[in-house]
Structures are given as structure tokens and as C-alpha cells.
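Chemist: Here you go, one structure.
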Amino acid sequence: MELRILLLEGKTDVNFFLPLVEHFYGFRENGEACKTLPFPRDSDLSRPICLTKGETLLIVLHAGGKDKIKKALKVIFKALNRFDEQPTIIGVARDIDTEKDILNWAKSTLGMFEPEVEDGYLVVKGIKVVPFGIGEVLIDDKNIETKKELELLVAFLAKKESTISKLGGSIHKLSEDLRKKLTPKDIVHLLAIAKNYTGDSLSGLYRNFIEELIRENPEVVEESLDESGLKMFLDVLAG
């Protein structure tokens, strides 16, 4: 079975990515496939989520925060000698924030493994490492701060879907009252109110919102994946 790994920042990212991988690429969760994975239990990695499609196994992990991704990525590479089969691809997705070059960030992070650059990817020990920066979208709204992160992509989807457009007056008034632009996370909180979401964490909102949008308007999701560059990343990782 071909093995692939997706490393994400945190739980909210996992809840955003899973519906995309399942709906658009045909993967299904498979708990049995995770039982024999050789990741150390006390490592800087989340419990793995395993998805399979045909003869491909995709392992989804998160690091518990952006500042922990470097350490988590090193844990993954150090664990590879305990795998029966080496992964063919490792995808790493993180918020862009102020990082100008995600490829160079990944190269620097994996410096101890002497990565080589080939066709816009990294190659480490024969494994293709595909880094991706989340948040490369533009929301044309003077009241919203363009902070390149997952929340900006969610807000971008919500605007295309029309929820944010309907809240335009509220966003403008709130921005005026606060005397500052709203952050993407502020917009996500407004989205939660608009969608009557009552869960304890935003990660549940992300999954509910994406799943609902995929059911009701998959064209908007596909268009947004294209515009953000995420489709190209997922095509390589899960296609």
C-alpha cells in the first residue's frame, strides 16, 4: 500500500481538511489502518487519523500549533526507519502569516536531513515533501484585515457563499465601533453566530461549515480551492 502523510498545524486545520479529502478525492476514514503505525506515543504529534482509498493510505497528523510544526516534522522523519514502507509524499500545510517563502521555510526546517529542491518541492531521503501556505486569498473588504491564515480562507469561502456579504452592515458597524479592522478570526466568530453554531470549539464549526457548503454548493468550494492554490496541493497529496 502506498503511504502518504499530511501534517497540519492544529485540530481546526484537520477539521477543515478532512471533508475536502473525503468528498473531492474519495478517501474514507479507516481506524484499523492506524493501529500498527510506529509513531512514538509521547511525541509532539497528535493521534493519527488514517484514511484509505484503494491501495493508498493517507495519515493525517497535527502538531498542536504553528510553533510546534518544525519539531513535529523532525519527529516524523526520525520515525521513518520504523516504517515497513516509506511514505512517497509528505504534505505540510501551515498558515502563511508573514512567511514570504514557504518552500525556503521547509528547507530550513529540514536542514539536518539535507533536503534537495526539485520542481518546486523538496526531496528528503527519496521522499517528496510538499509545503503549502494557507491563506493566499484576497477579501475585497476595507473592514477586514488581510491576515494570511486558515481563518481568512474560511472567511473567503463564507463571502463567496454569501453569508459574509449579508453581514456587511454588521461588519462595517463593528469595525467602526472598535476603530480597527476585524481580524479573520473575528469574521469566523460572526459566521458562527450567523450559522447558529453552538459547539464548544471553532474546529467543529469549520467541519460543519465545509460539509454543509460541499453538500449545497460544491462549485463554490472547488472555485475557492483553485483560487487559494489549495487544489494544486491536494491534487499532489491526495490525487
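Chemist: Mind running the shape call on region 2-87? Use the C-alpha gyration tensor, a ≥ b ≥ c as the square roots of the eigenvalues: rounded below 1.5 for a/c, prolate if a/b tops b/c, oblate otherwise.
Modeler: Cα axes put region 2-87 in the oblate bin.
Chemist: Still on this model: Which one, 75, 230, 16, projects farthest toward the positive side of the charge dipole computed for the chain from Cβ point charges (K/R +1, D/E -1)?
Modeler: Toward the positive end, the furthest listed residue is 75.
Chemist: In what order do 183, 88 fall by count of nearby beta-carbon atoms within 10 Å, going from fewest to most?
Modeler: Working: 183 17, 88 13.
With the fewest neighbours first, 183, 88 line up as 88, 183.
Chemist: Please find, in a Gaussian network model of the chain (springs between Cα atoms separated by less than 10 Å), the residue of 90, 59, 127 whose mean-square fluctuation is greatest.
Modeler: Of 90, 59, 127, the most mobile in the Gaussian network model is 127.
Chemist: Sticking with this structure for a sec: Using the alpha carbon gyration tensor of region 99-210, what are the three equivalent-ellipsoid semi-axes (square root of 5 times each eigenvalue), largest first, in whole Å?
Modeler: On the way: eigenvalues 253, 51, 26 Å².
For region 99-210, the semi-axes come out at 36, 16, 11 Å.
Chemist: Cα centroid distance between region 196-221 and region 57-72, in Å?
Modeler: Cα centres, region 196-221 to region 57-72: 22 Å.
Chemist: Could you work out, for the chain, what percent of all Cα-Cα pairs fall into each 5 Å distance bin, beginning at 0 Å and stopping at the bin that holds the largest distance?
Modeler: Per 5 Å bin, starting at 0, the Cα pair percentages come out as 1, 6, 14, 18, 19, 16, 11, 8, 4, 2, 1, 0.
Chemist: Work the Kirkwood hydrodynamic radius out for region 150-227: mean of 1/r over every pair of different alpha-carbon atoms, inverted, in Å. Before the final figure, lay out the partial values.
Modeler: Numbers: mean 1/r = 0.0773 Å⁻¹.
The answer is 12.9 Å.
Chemist: Say the cut-off is 22 Å between C-alpha atoms; which of 70/159; 160/185; 53/185 go over it? Write down the numbers at each step before the final one.
Modeler: Values: 70/159 33 Å; 160/185 17 Å; 53/185 34 Å.
Over 22 Å Cα-Cα: 70/159; 53/185.
Chemist: Could you give the length gained by full extension between residue 166 and residue 100, i.e. 0.36 nm per residue of separation minus their alpha carbon distance, to one decimal place?
Modeler: Fully extending the segment from residue 166 to residue 100 adds 20.5 nm.
Chemist: Quickly estimate the mean residue ellipticity at 222 nm for the chain, helices only: each DSSP H run with n ≥ 4 gives -39500 (n - 2.57), and the total goes over all residues, rounded to 500.
Modeler: Values: 10 runs with 107 residues, N = 239.
Calculated mean residue ellipticity at 222 nm is -13500 deg cm²/dmol.
Chemist: Treating the angle as unsigned and between 0 and 90°, give the value, to the nearest 10°, between the Cα long axis of helix 184-194 and the longest Cα principal axis of the chain.
Modeler: With both axes taken from Cα atoms, the answer is about 70 degrees.
Chemist: Fewest to most neighbouring Cβ within 10 Å: what's the order for 99, 216?
Modeler: Numbers: 99 14, 216 10.
Neighbour counts put them in this order, fewest first: 216, 99.
Coordinate-derived values only; no laboratory data. Model, not experiment: these values are computed from the prediction. In this analysis, Cβ positions are derived from the backbone assuming ideal geometry, glycine residues included, and neighbour counts consider all displayed protein chains.
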